[in-house]
Each structure stands twice: as C-alpha cells, then as structure tokens.
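Report on the structure given below.
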Amino acid sequence: MAGTVRIEHLVTSGTFSLDGSTWDVDNNVWIVGDDNEVVVVDAAHDADAVLAAVGDRRLTAVVCTHAHDDHVSAAPAVADATGAPVLLHPDDQVLWQLAHPDRRPDGALADGEELKVAGIGLRVLHTPGHAPGAVCLYAPELGALFSGDTLFAGGPGATGRSHSDFGTIITSIRDRLLALPGETTVHTGHGESTSIAAEAPHLAEWVARGR
C-alpha cells in the first residue's frame, strides 16, 4: 500500500537577490504525495535537505510557483539528482535566467493544467502579480492551496520590485483564489499557513493600502 496522501513541510534558509539588493530569507518547501511518489513545490536553497525529505520515493516533478532565486535555487540540483523535471510557467523565464542562466526548465506549466501525484490532482492556477509567471497549485482532494508568494497570512505578496504589479496581484487573488472554498488551507511560500476564509474579508483593505 502506498499510504495516505499527505503534505510535508520543510523550511530552508538562504538569500533572495533582485534589483541589486539581497535579503536573508526562510522559505517553505512543500512535499506532496504518499510513500511511493511525491512532487516538490519550490525547491529552495538546500538541495540536500530537500532530497533527504524526499528520501527513496520517486520524485515526479519539481514545481516552481515562480522563478525568484530563493524559490528555484536548488531546483536544478534536485532535478539532476532524481531525474525529475523542473516545471515553470513560461512567463517567468526572464526571472529564471537571472538565477540559472545556463540551465532551462524542463517543462512548462499552463493555467488549468492538472498535475497528478499519488492519485490526486494539483490544478495549476496562473496568478501573476508578484511575478509574471507566478502560479498557485490547488489540491481539492486535500483542501489545500500552495500559494507561493501570491497570498500570505495577512495579505498579498510584495509587488515593489521589477516584474511585479500590485493591481495584477490583487486581480489574481480576487478572481482566482478567493473564489475557492473558504475552508481551503493556504500553504504559503514564507511564514505560516492561513485559509481562504481568513484572508477574503481583507480584500478591500489591501486595495486601499496599495493605492
């Protein structure tokens, strides 16, 4: 028996660099699957730690919610060690090249596509704003959303750097994420998890704050 499909959580630490500045950051790495096969959502910073968490299970994909370097820094090493493809929305190729100029992703994520792992589906939702190719992954069977840096506990992801836009991220959250069931748990790219119900009442506040 493969066992119950589950969500595993790993925190890795490193830096995020963009627009000539560098910050220390802790990233959430999410591993979804069962005892036989998993996907990794955002292979950040520490390939050895990610590979240890995967263990001897088959890694079917390294899925990138977006291509800021803190989220993709370990993706090539994890992919090369396991044979799993790195998957990224093509609109984030410009950011990927900043992190990995000599290595391309292995496959493209498309809005509405469903990735399968351990018998469940992860639906790709294109949610630009924090980055042009940002995506979230919705797993209805698990009541879970993997939001990358699009939605956090307390508000939307940052849009003050290049290749980001506040109005676009608000539209993505309003139209794509807040339409999901309120009980959906939101597993974020940094910090604590939240829920759609917890964040939905604050949309008007975020819009006002961003003006």
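The values are calculated or read from the model by the stated rules, or taken from the named source; none is laboratory data. Note that the structure is a prediction, hence the values are computed from the model and not measured. Positions of Cβ are backbone-derived with ideal geometry, glycine not excepted, and every protein chain shown enters the neighbour counts.
Some notes on this structure:
- Residues that are among the β-branched types (Val, Ile, Thr) and either part of a helix (DSSP H, G or I) or under 24 Å from ALA153 (Cα atoms) (or both) within the stretch 19-61 comprise THR22, VAL25, VAL29, ILE31, VAL32, VAL39, VAL40, VAL41, VAL50, VAL54, listed in sequence order.
- Leading residue by the ranking (farthest from the chain's Cα centre (by Cα)) among those in the stretch 77-98 that are more than 22 Å from HIS130 (Cβ to Cβ) and hydrophobic (A, V, I, L, M, F, W, C): ALA81
- Within the stretch 26-60, the set of residues being over 23 Å from THR4 (Cβ atoms), of a type in the set (A, V, I, L, M, F, W, C) and buried (at least 19 other Cβ atoms within 10 Å of the Cβ) comprises ALA43, ALA44, ALA47.
- Which listed residue, of SER172, SER193, SER162, is within 14 Å of the chain's Cα centre (by Cα) and in contact (Cβ under 8 Å) with a residue 40 or more places away in the chain: SER193
- Search result, residues across the stretch 1-33 that are in contact (Cβ under 8 Å) with a residue 40 or more places away in the chain and among the hydroxyl-bearing types (Ser, Thr, Tyr): THR12, THR15, SER17
- Residue within the stretch 153-168 that is surrounded by 24 or more Cβ atoms within 10 Å (Cβ to Cβ), closer than 17 Å to HIS68 by Cα, among the aliphatic types (A, V, I, L, M) and modelled with pLDDT of 95 or more present: no
- Just one of (1) of a type in the set (Phe, Trp, Tyr); (2) more than 16 Å from the chain's Cα centre (by Cα); (3) buried (at least 19 other Cβ atoms within 10 Å of the Cβ) fails for PHE16. It is (2).
- Test: residue in the stretch 129-141 that is at positive phi and not acidic (Asp, Glu): yes
- Among the residues making up the stretch 1-18, those that are part of a loop (DSSP other than H, G, I, E, B) and in contact with a strand residue (DSSP E or B) (Cβ under 9 Å, 6 or more places away or on another chain) are ALA2, VAL5.
- Filtered by the rule that a residue be closer than 21 Å to TYR138 by Cα and either surrounded by fewer than 21 Cβ atoms within 10 Å (Cβ to Cβ) or of a type in the set (A, V, I, L, M) (or both), the stretch 61-74 gives ALA61, VAL62, VAL63, ALA67, VAL72.
- Some residue of the stretch 188-209 being under 18 Å from VAL124 (Cα atoms), of a type in the set (A, V, I, L, M, F, W, C), out of contact with any strand residue (DSSP E or B) (no Cβ under 7 Å at 6 or more places or on another chain) and at pLDDT 95 or above: no
- ILE120 among the β-branched types (Val, Ile, Thr) and buried (at least 19 other Cβ atoms within 10 Å of the Cβ): no
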